[in-house]
Structure formats: C-alpha cells, structure tokens
Ligand SMILES: C[S@@+](CC[C@H](N)C(=O)[O-])C[C@H]1O[C@@H](n2cnc3c(N)ncnc32)[C@H](O)[C@@H]1O
C-alpha cells in the first residue's frame, strides 16, 4: 500500500523544519505539489529551497498538480470550499495513481503546520484509494509570530482563539477570548477595533528576509500597519500576515510593566 506524508515545512524559514520533517523529506520518492498559480514565484522558490537544502537522497521526483479553478462567486463560502476540495481530490488521486507505485512513498509539503487553515488533510481524507497517512507537524506562522515578538501566546490560564479576518470582520471579536490570533486577513479587519483597549502584535513574511514586525497599542499603530502592509504588498505582489490581538479590561490580565527584556508591546520592532 502507498504511504503519503503531509509534511509541515514551517512558515518561511528553512531552518524551522523539524528533524522529523527532514527525515520524512528524505524518505519521499515523489513530491506532489498542488499549484495554486498565485503568489507563485516566491512561494514556489521557498519550497524549492527547502528541498534543495534538506534532501540528500538523490532521485526524488516532483509532480505538479494544477488546481481546478475556484468558483469565488458561489453562493455559500463553505459549499464553494467543499466543492473545490472535492475537485482537487479527484486531480490528486489521478496524479498519485499515475506517478506513484503501489508501494511508493509520496509527500505533500505543507506550509506551516498541516493542522492550521490548510486543506491538505481534508483532501487526502476524501481520496478513494487505500494509503497509509503520516502527518509531520511544522512550525506554524502563529509560533513564528510569537517567537519573533518574544511573547507567550496566552496569558495566565487564559483562552486563545484563532480566527480569520473574514470572521473578525463579520462577527467582531469572539466572546470570551482575551487573546485572538487572526489569519487570512486580506482587509485589515483590526481597523474596526481601534476604540478598544487592545495591543496588536503583527508580522508579515515571517521567517523570510522580507519579514516585517510591528507591535503596540492598536489605536497607535493600526494606520502604520495598514500603510506598511499596502506598500509591501505592492512591492512584492503578495503578502502573508498574521497578528495577535491582546485585549485588556473585563477581568483580563493587565499589561505587564515595560521591562528591558522585550516582549511588551511597548517595545516595537520593525522590519527593514
Ligand atoms: C492558508 S493559511 C496557512 C497557515 C499555515 N498552515 C500555518 O501553519 O501557518 C495562510 C495564512 O497563514 C498565515 N501565514 C502563513 N505564513 C506566514 C508568514 N510567513 N508570515 C505571516 N503570516 C503567515 C497568514 O495569515 C496567511 O494568510
């Protein structure tokens, strides 16, 4: 039976691969690369660099799987995603049966960690062919963000919620969470929250040479983030950014006093 590995490769820094990921990369005979066609040159190059740097075993192959077009005008977002996943699954299945022997080992390089806002596992689950699945965790952009800002993700005994820009824009802050991580936000949804007492820790292109970091009270830094983001996006043609919103008040842990060690939103760090 075939083995398929979904390998978390970190969110941009080729040094953030785990030893387990490197072992898996070296066991894979055929890498399947779904091609989304967008953001392509930079992300494809980074994936390529990871393979070059970590795979010592010669003779591996790379098979690209062009993605079917996505119907962005479809009525329901969820239905559209499910339909797109089904159509992608059909193509993946075809590529796997044509390019990987019955006992072969195939791999999918998954940006960040496979468990977080990524469809690889959901698509693999739908395949009709038998295979053994291996999942290798990766450093997610959330971990890269908190490490670069030198902060913990949660406060003492506190809850953290991870959500999307789309949900934040539609429903506002989730109830009950004092710390909210926002991903997939193309529209700076944090702008609607500048009247609240919130610190933001924002990071773009984390782990790459183009990394940008801004932290501070939301009302003070929101417009700077919007501006920097727009400039960077225009310059590179794409952007990936993630941020943590740390709320204050309502029985939440208060701001720490500024210290010399960094980590507080008062110490702002800026990229190049
Ligand atoms: C489709 S999700 C994939 C998340 C990925 N599985 C992870 O573990 O980080 C893409 C979103 O992840 C975030 N992201 C991924 N890589 C990033 C990076 N290098 N810097 C900042 N945000 C990143 C952005 O919010 C982006 O919109």
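Points worth noting:
- Within segment 182-206, if we keep just the residues that are within 16 Å of the ligand (Cβ to nearest atom) and surrounded by fewer than 23 Cβ atoms within 10 Å (Cβ to Cβ), the residue that is farthest from residue 248 (Cα to Cα) turns out to be 205.
- Close pairs from segment 170-193: first touching a residue at least 60 places away in the same chain (Cβ under 8 Å), partner assigned to a helix (DSSP H, G or I) and away from the ligand (no atom under 16 Å from the Cβ), Cβ under 8 Å, at least 6 apart: 173/193
- Residue in segment 15-22 that is assigned to a strand (DSSP E or B), at pLDDT 95 or above, over 23 Å from residue 211 (Cα atoms) and touching a strand residue (DSSP E or B) at 6+ places or on another chain (Cβ under 7 Å) present: no
- As a summary of the residue check, residue 240 satisfies the conditions (1) more than 19 Å from residue 111 (Cβ to Cβ); (2) within 18 Å of the chain's Cα centre (by Cα) except for the one numbered (1).
- When segment 71-123 is filtered for residues that are assigned to a helix (DSSP H, G or I), closer than 19 Å to residue 51 by Cβ and within 13 Å of the ligand (Cβ to nearest atom), only 120 remains.
- Hits in segment 124-137 (condition: outside any strand (DSSP E or B) and within 22 Å of residue 61 (Cα to Cα)): 124, 127, 129, 130
- Residue satisfying all of: in segment 171-181; more than 15 Å from the chain's Cα centre (by Cα) and on the phi < 0 side of the Ramachandran plot; nearest to the ligand (Cβ to nearest atom) among these: 180
- Candidate set from segment 140-170 (those that are outside any loop (DSSP other than H, G, I, E, B) and within 15 Å of residue 252 (Cα to Cα)); member that is farthest from the chain's Cα centre (by Cα): 160
- Members of segment 49-67 found to be within 16 Å of the ligand (Cβ to nearest atom) and surrounded by fewer than 17 Cβ atoms within 10 Å (Cβ to Cβ), listed by number: 49, 67
- Cβ-Cβ under 6 Å pairs, at least 6 apart or on other chains, segment 103-116 side on the phi > 0 side of the Ramachandran plot, far side in a loop (DSSP other than H, G, I, E, B) and within 8 Å of the ligand (Cβ to nearest atom): 112/11; 112/138; 112/140
- Residue match in segment 215-232 (condition: under 25 Å from residue 166 (Cβ atoms), within 13 Å of the ligand (Cβ to nearest atom), modelled with pLDDT under 95 and under 23 Å from the mean Cα position of the chain (by Cα)): no
The values are calculated or read from the model by the stated rules, or taken from the named source; none is laboratory data. Note that the coordinates shown come from a computational prediction; the quantities given were computed from them, not determined experimentally. Cβ atoms come from the backbone with ideal geometry, glycine included; neighbour counts cover every protein chain shown.
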